[in-house]
Amino acid sequence: MKRTVVTGLGVLCPLGDGVEKTWQAMVEGKVGTGPLTLLDPALYRVKIGGEIKDRSRIEAFEKAHPGKYEAASVLSILACEEALALARLTPKDLGELRIGCFLGTTMGEVQLAERLSEASVRGTLEGMDPSALERVQGSRMAHSVMDHFEWGGPTMVFCNACASGNYAIGWGLEQIRQGNLEVALCGGVDVFSRVAFAGFNRLLSLTPDKCRPFSANRKGLVVSEGAGILLLEEEGRAKARGAHIYCEVKGYGLGMDAHHMTSPHPEGTGAYESMGRALKDAGLSPSEVGFISAHGTGTPANDKTESIAIQKLFGTDRKVPVNSIKSMIGHTMGAASAIEAAMSCLSLDKGTLLPTMNWESRDAECVADCVPNQARPFQGKVAISNSFAFGGNTSCLVMVK
Amino acid sequence: MTTLAIHRMGKALLGPGALSLEGLPAEFQKRFPEVSPKYIDTASLLAGIAAVEALQGSNLTEEERKDFSVVLGSALGTLESVLDFDGQALQKGPNAVNPMDFPNTVANAPGSRVGIWLQLKGPNVTLTNGGTAFLDALGFAWEALKGGLFRRGLVGAVERVPEPLRGLAQKITGGKGAQEGACLLLAGGTGSMPPLFEVLDYFSVQLRRDLAFPSAFISRWEPLWEGVEWLGCPLGVPLEERFPTKVDRWASSGGQEFGLGGVGAMEAFLTSSRRLAVLGAYSPGERKLSFVKIGKK
């Protein structure tokens, strides 16, 4: 069984374009969500969101490749570009290797889907390029990455809603350790979607002001956008070329609540199962885990049931630090788990735990230590990154320093 | 060698002489009287109907349900619900849409609902993999079985083309249209039920821009064809020159841009006297080919 390490990272999110910018802003506890500009806020009950404000790279890419790729594909490509640069690899280097691309998404190329629905409402669909029916498919995102970098190899796109990014990273791990691939670009991507915003708005899942995970007065989540990519590499190859190794991806686990489409199981069964499966896959025990990057959406139901699952697995006596970076960047949907995995890699690499911002008061039903409001030094060697989704799909990754 | 046994097939294909959504099948209605097309998206209903058929006679125990997976592929996923929901929001305003319709828009709704309705608590996986979705779902299950993630489950694909986009689907398939419906296979250890066939290998690749085969994967290509006497794959796909010359060929007839590519070839193999075959599907927009090697005992 081959060991799999992370040698490159790529992130675009409301705190910035780039891993280091995002990391630094999070260490400082900055919050990137705010007044909505991509949609008309007057139309919605809630008027805040998380938008990628630094769009210079996106605009430059779109200018250089007009109309070639849809919006989610562009974010995917740009995040991969950064991951390659940090891994000190070029597209040409990888073109000769067994490389694959696995992405996760909630809404896929939803901005094209929204243009299709506008055309449908206006009765102008007949005039649209039929290739829109191909370009709107989620699979296009991974295809676009391979196409842009002129690679050939396997692709998969996981659409397990907000747990998708971890599915994709887990699959990359599986492919490398089975020896099928030498390098995998994996992660999650979602662009801002009026469908998702309207949907969560109507489900009353949104906070009107800020996301306060694990706080007693939490009011909901913030819909956001972003991309997170991990460049996974077979360990021997990474070491041979002297690459910087952020951490090892050691295990993953998937679970299923089988309870309800929008509500988590009240006992957090899927969350518990997927954390347990990920640790078993990694050959580790709960006592070895140093911190948990929570799904931590800031909704009353998620944070409570996630806490139940964590306390069931780790015990109530042990106060494992649990943070939620959604407090700073909102819920980036299918990108969330991948951005959280990327930040967890950096936490292990740099020895710093990121804070859960906006925390105001303890909820006795939630985890005891959510790293409230301030980053702190960290000596642990094992991290779990949780991600849960509509439909009760749950996914967890285990990363080791 | 890892083999994934396929024990039973459940189908809910739409079209002339096939299933109509005017009324849900009696077996499905009996099982789930509360499920109504009024609230549930068509892709979920199709997947549910196929799942009930695939599980007939399997009598899963509570213990078996704990690690019973669902692996569901699709090209368009729940695009129909996205267009409906967004269209309503555009016409009536976003505060007037029914919140109960929102869960229908997520692409994992069909797979998740199958898991919820049938209480299947193993890993639940949705792949939106274009025209290779069905074969990629089978391949995922086979590779996940090797890795220990998958033990048993329902594996297959669902496809639903939104009504307003049927014209585009006709154009893109040269007038043939897309095969719509669901096909789910009961896979993995399920007591004494004899297998219909076994999955023996899987290989999938997106070709380079110039349609060249990425040479680093040559070691995965050649074993795929060992002993194979039959190929079920659309005609005119790239790599034809690499297919072994001494295999008989069954060619599917269109609709390959969508998620049920490979189902027809699988059925043709099952009714033939052939023992070992490769099923192929192609996503032209993505230059992606997937192959699953299957065998009958």
Six or more apart or on different chains, Cβ under 7 Å: which pairs go from a residue in the range A:64-90 that's more than 17 Å from residue A:100 (Cα to Cα) and modelled with pLDDT of 95 or more to one that's assigned to a helix (DSSP H, G or I) and among the charged types (D, E, K, R)? Could you list them? A:70/A:135; A:70/A:140; A:74/A:62
Working only within the range A:343-377, note down all residues that are acidic (Asp, Glu) and closer than 21 Å to residue A:207 by Cβ. A:360, A:363, A:365
Sort out which residues of the range B:146-175 are away from chain A (no Cβ under 11 Å) and either surrounded by fewer than 23 Cβ atoms within 10 Å (Cβ to Cβ) or in a loop (DSSP other than H, G, I, E, B) (or both), and write them in order of number. B:151, B:160, B:175
For the range B:106-113, indicate whether the set of residues that are within 18 Å of the chain's Cα centre (by Cα), charged (D, E, K, R) and either at the interface with chain A (Cβ under 7 Å from one of its Cβ atoms) or crowded, with 24+ Cβ neighbours inside 10 Å (or both) is non-empty. yes
Here, helices (runs of 4 or more DSSP H) confined to the range A:110-189 with at least 1 residues that are at pLDDT 95 or above, surrounded by fewer than 23 Cβ atoms within 10 Å (Cβ to Cβ) and more than 9 Å from chain B (Cβ to nearest Cβ) are A:110-122, A:140-148
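Sort out which residues of the range B:204-227 are within 20 Å of the chain's Cα centre (by Cα) and either within 30 Å of residue B:64 (Cβ to Cβ) or exposed (fewer than 12 other Cβ atoms within 10 Å of the Cβ) (or both), and write them in order of number. Walk me through it before giving the result.
First, pick out the residues of the range B:204-227 that are within 20 Å of the chain's Cα centre (by Cα): B:204-206.
The answer is B:204, and nothing else.
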Selection from the range A:79-95 of residues within 14 Å of chain B (Cβ to nearest Cβ) and either touching a Pro at 6+ places or on another chain (Cβ under 9 Å) or more than 19 Å from residue A:239 (Cβ to Cβ) (or both) yields A:91, A:92, A:95
Condition check: modelled with pLDDT of 95 or more and charged (D, E, K, R). Does residue A:318 satisfy that? no
Single match in B:60, B:14, B:90 (criterion: surrounded by fewer than 19 Cβ atoms within 10 Å (Cβ to Cβ), assigned by TED's automatic domain parsing to the domain that holds residue B:182, over 30 Å from residue A:125 (Cα atoms) and hydrophobic (A, V, I, L, M, F, W, C)): B:60
For the range B:205-225, state whether one or more residues are assigned by TED's automatic domain parsing to the domain that holds residue B:46, touching a strand residue (DSSP E or B) at 6+ places or on another chain (Cβ under 7 Å), among the hydrophobic types (A, V, I, L, M, F, W, C) and within 17 Å of residue B:291 (Cβ to Cβ). no
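The values are calculated or read from the model by the stated rules, or taken from the named source; none is laboratory data. Bear in mind the structure is a predicted one, so any value in this text is a computation, not a measurement. Glycine gets a Cβ as well: all are built from the backbone with ideal geometry, and neighbour counts include every protein chain shown.
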